[in-house]
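In what follows, a single structure is set out as structure tokens and then discussed.
The values are calculated or read from the model by the stated rules, or taken from the named source; none is laboratory data. Values in this document were obtained by computation on a predicted structure and should not be read as measured data. FYI the Cβ positions are ideal-geometry reconstructions off the backbone, even for glycines, and counts take in every protein chain you see. Side chains included, ligands, DNA and RNA excluded: accessible areas come from the protein's heavy atoms. Shrake-Rupley method; radii C 1.70, N 1.55, O 1.52, S 1.80 Å.
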Amino acid sequence: MDDTRALSAANGALSALKRQLSATVRDNAYWDDAFTSLNADGSKDWATENWGLTTADYPLYDTALVIDVDGRPLIAYHKGAALTDTGVDQFFLGNLAQVVAAARRVGYAAENLPVAFVKTRNGIALIGAAAIQPSDDLSFDMATARVLVFSKQVTAEVAAEIAETFHIEGLLLKEGAGEKAMLHADVLDIGGQEIARVTWPPLHPGTAAYHRVRPTIITSALVLVALLGAVAGSGLLVFRSLRNSERAATYRAKHDALTGLWNRVGCLEQLEAALNSAETSRICLHLLDLDGFKSVNDAWGHPVGDKLIKTVAARLLANLPTTCLVARLGGDEFAVVDARNVEANTKSLSDSILDALAAPFSIDGRTIEIGGSIGWAQADVDASDSVELLRRADLALYRAKSLGRGVAVFFEPYLDEEAGKNSELEQELRQGIARGDIRVVFQPLIDAATGELRGVEALARWNSPTLGAVLPDIFIRVAERAGLIDQLGFQVLKTAILEGMQWEEIGISVNISPLQLKNPYFCIQVREALAECQFDPARLTIEVTEGALISNPDQAKRAFDGLRQVGVKIALDDFGCGYASIGTLREFGFDSMKIDRSLVVALNRDNDAAAILQATVALANALRLPVTAEGVETEEQAIALRLSGCEKLQGYLFSRPIPAEDITAKYFPSAVADVG
């Protein structure tokens with residue numbers, strides 16, 4: 001009975017491997033984009049990028065070919081390396097043509113593709129093929145089609161995985177008849193001929209009984225030995241236990257539990273010791289902050305994030321000089337202390353750190369790409385202790401993060417000056433918000449068809465007492481960093497609602513920072529402001545960028561639901577400049593969409609810009625989302641946007657952002673006359 005079960009399981013495992021490869025080949029061959037790209041210029045590059053290079057580390061196949069009608073390969077790759085025409089035939093030992101011919105015989109859009117085993121230069125492989133074809137074209141000629149071929153070597157690891165999954169002990173892949181005493185399942189080629197066998201030994205009843213009682217016997221013997229040893233050496237064990245506990249406690253106090261690296265306490269202790277050492281002529285401290293780590297945690301959870309942190313630690317240890325001390329300060333922040341006695345190019349150490357992060361990480365079958373920002377400082381007369389050196393490196397790291405991903409910045413004195421100026425600017429902004437110095441201006445939203453005013457967008461403006469007019473991008477970023485964004489954002493919202501009460505026919509749009517959505521009282525504040533001013537919620541639109549969605553999607557959904565309950569609309573701002581997808585638009589259920597000004601500006605210099613714009617607007621129309629275009633500066637842009645289907649336009653062509661009284665004077669002259 002066990003032999004019958006094992007034989008059925010082995011055959012089932014081989015069939016499962018075939019079905020998996022068949023599905024992979026079908027998904028890639030029955031693909032309109034693939035058919036179109038392979039019949040256009042650059043077909044070889046497209047096939048190499050999408051199929052050839054992926055053979056280096058893709059789990060479902062390690063060999064990919066695209067075979068032309070004449071039987072010659074357009075591309076041929078094995079484990080990321082290209083194969084020549086001669087190399088292809090030698091690799092498959094002349095067996096490839098039979099598989100390609102079978103792929104053309106199965107017919108258009110066939111479900112059952114030719115998948116079988118084949119002998120190769122490296123042993124037995126599973127191979128599958130299908131004609132690359134378009135969808136919904138019954139007249140397609142299979143005889144002229146290019147054929148996509150995937151294969152995967154059936155290695156000892158694959159056999160071991162089958163054995164573990166289907167509980168077949170001792171399963172092996174053998175090219176030949178194997179031993180007579182072994183059970184087997186046939187491995188067949190495309191012509192149905194046996195080319196190998198999956199073999200395993202039968203489990204006899206006596207053997208099975210022995211295997212069942214063996215753990216008990218071994219355990220009993222070990223327990224007896226352990227008891228005797230415990231009686232003989234109890235005193236020694238107690239002493240060693242106390243000593244080891246002390247060592248373990250000291251180790252835990254100075255090392256990171258996740259990675260085993262030095263922690264902040266241990267790093268600063270080692271850094272201080274290096275600074276006090278008379279033998280050390282130069283000390284450099286590099287601080288590394290991972291770029292994109294939070295997105296990994298948000299997307300796949302903390303277990304994957306922890307594994308990524310451990311892998312990063314291993315990469316740093318493997319790629320940096322052994323004389324460097326590597327530490328994890330907490331979260332996704334690492335430190336590298338370079339205390340070499342010889343002069344070295346410290347910039348090259350920063351490059352080595354970034355290079356260690358450049359290659360993608362493979363975590364539980366996921367390919368994850370992250371980067372890093374580095375700030376580093378060198379010890380000198382003014383920075384001779386660990387605290388000051390850490391402060392300088394931290395300032396440099398802050399500057400590196402503000403410049404974008406993958407940047408290394410060395411501490412220079414001007415960073416101290418900038419930090420002081422930022423602190424002063426933060427203090428001035430705090431006082432300005434308290435005094436109500438933040439002004440709100442409005443930029444019109446114009447009906448693309450009629451040219452009439454349909455709404456206004458409220459924008460914040462601030463004049464610093466010492467610097468004069470400060471750009472919104474600067475003071476809003478300062479407010480977010482200083483924890484002032486809730487006060488600033490609510491002040492702008494309240495002012496916009498109060499001013500908007502005089503324009504009853506139009507809507508008011510207000511931008512919201514992603515940090516405001518993290519405030520659990522944000523929706524309550526909006527509802528109270530609307531109720532206090534008796535402002536119609538249907539006239540208010542909250543604009544958010546996709547940063548609010550990426551940082552905490554669940555939080556954003558809860559905030560959106562709370563706003564919609566009172567009738568407030570939600571618009572996605574700056575669509576087209578980031579990574580927002582169709583799934584994002586559907587998941588969050590926006591009421592409208594504003595395309596980024598970069599798509600509008602591109603109309604003047606990019607021949608493909610109009611097509612991209614039309615596709616973006618068509619996407620919005622398919623999702624029944626009204627579209628507003630911002631950054632309109634010329635009549636030609638306005639015409640192109642109107643023809644593309646944009647409902648509202650915004651930009652300097654119509655008006656710069658202006659005070660509320662100018663909006664009234666320009667678009668509501670009768671209201672001005674009544675007041676007069």
In Hz, Karplus ³J(HN,Hα) per residue of the range 7-15 (6.51, -1.76, 1.60; θ = phi - 60°; x = Gly, Pro): 5, 4, 5, 5, 4, x, 5, 4, 5
So, in the range 74-181, how many Lys pairs have Cα atoms under 20 Å apart, if the pair is 8 or more places apart or on different chains? 5
Do the alpha carbons of any pairs in Lys294/Lys594; Lys294/Lys401; Lys518/Lys557; Lys494/Lys557; Lys494/Lys594; Lys421/Lys518 sit beyond 18 Å of each other, and which pairs? Lys294/Lys594; Lys494/Lys557; Lys494/Lys594; Lys421/Lys518
Phi to ³J(HN,Hα) by Karplus 6.51 cos²θ - 1.76 cosθ + 1.60 over the range 237-244, Hz, x for Gly, Pro: 5, 4, 4, 5, 4, 5, 5, 5
Between the residues Ser670, Leu21, Gly375, the Cα farthest towards the positive end of the dipole of the chain, that dipole coming from +1 and -1 charges on the beta-carbon of Lys, Arg, Asp and Glu, is from Leu21
According to a simple spin-label model (label point 7 Å from Cα along Cα-to-Cβ), what is the distance in nm between Leu258 and Tyr521? 3.2
Mind running the shape call on the range 399-451? Use the C-alpha gyration tensor, a ≥ b ≥ c as the square roots of the eigenvalues: rounded below 1.5 for a/c, prolate if a/b tops b/c, oblate otherwise. oblate
Given a 1.4 Å probe and every protein chain left where it sits, what share in percent of the accessible area of the chain is carbon and sulfur? 53
Among Asn95, Ala109, Leu74, whose Cα projects farthest towards the positive end of the dipole of the range 54-112, with charges put on the beta-carbon of Lys, Arg (+1) and Asp, Glu (-1)? Ala109
In Å², rounded to a whole number, the accessible area per residue of the chain with probe 1.4 Å is 52
At a 10 angstrom cut-off on C-beta neighbours, averaged per residue, how do the peptides 471-479, 144-152 rank from highest to lowest? 144-152, 471-479
In terms of the alpha carbon gyration tensor, root eigenvalues a ≥ b ≥ c, rounded if a/c is under 1.5 and otherwise prolate when a/b exceeds b/c or oblate, the range 42-135 is rounded
Can you put Leu317, Leu357 in order of accessible area, largest first, using a 1.4 Å probe? Leu317, Leu357
Quick check: net charge around His255, other residues with Cβ under 13 Å of its Cβ, Lys/Arg +1 and Asp/Glu -1? +3
Relative contact order for the chain: what is it in percent, counting Cα pairs under 8 Å that are at least 6 residues apart? 7
Which net charge results when you count Lys and Arg as +1 and Asp and Glu as -1 among the other residues whose beta-carbon is under 10 Å from that of Phe575? -3
Relative to the present Cα-Cα distance, how much length would full extension add between Leu224 and Arg19 at 0.36 nm per residue of separation? 68.7 nm
Read phi for every residue in the range 636-647 and hand back ³J(HN,Hα) as whole Hz from Karplus 6.51 cos²θ - 1.76 cosθ + 1.60, θ = phi - 60°, with x for Gly and Pro. 5, 5, 4, 5, 4, 5, 5, 5, 6, x, 5, 8
Taking Kirkwood radius over Cα pairs in Å straight from the coordinates, which label in [x] 26.6; [y] 31.7; [z] 29.2 is the correct one? [y]
Spelling it out for Leu540: with amide H atoms placed in the peptide plane at 1.01 Å from N, the residues 5 or more places away or on another chain with amide H under 5 Å from its amide H are Ile508, Lys569
For the range 9-115, state which trypsin sites (Lys or Arg not before Pro) are in a DSSP loop and have at most 16 other beta carbons lying within 10 Å of their beta carbon. Lys79
Using DSSP to call loops (not H, G, I, E or B), can you name the chymotrypsin sites (Phe, Trp or Tyr not before Pro) in the range 397-457 whose Cβ has at most 12 other Cβ atoms within 10 angstrom? none
On the full set of protein chains, 1.4 Å probe, figure out the accessible area of Glu635 and give it in Å² to the nearest 10. 100
Order Trp462, Trp46, most accessible first, counting only protein heavy atoms with a 1.4 angstrom probe. Trp46, Trp462
Kirkwood estimate for the range 611-658, i.e. one over the average of 1/r between Cα atoms, Å: 11.0
Would you please state which residues of the range 402-442 a label at Ala665 would reach in this model, taking the label point 7 Å out along Cα→Cβ and a backbone N cut-off of under 17 Å? 440-442
Dipole moment magnitude, nearest 20 debye, the chain about Cα centre, only Lys, Arg, Asp, Glu C-beta charged: 2200
Would you calculate, for the chain, the mean residue ellipticity at 222 nm contributed by helices, counting each DSSP H stretch of 4 or more residues as -39,500 (n - 2.57) and dividing by all residues, to the nearest 500? -15000 deg cm²/dmol
Under 5 Å between amide hydrogens, which residues at least 5 positions from Met182 or on another chain qualify, with H placed 1.01 Å from N in the peptide plane? none
Assuming R0 = 22 Å, can you tell me the calculated FRET efficiency for the pair Glu49 and Asp27, based on Cβ-Cβ distance, to the nearest 0.05? 0.85
Run the simple label-point estimate for Glu169 and Asp606 please: 7 Å along Cα→C-beta, distance reported in nm. 6.3
Rounded accessible area of Glu369 (nearest 10 Å², 1.4 Å probe): 140
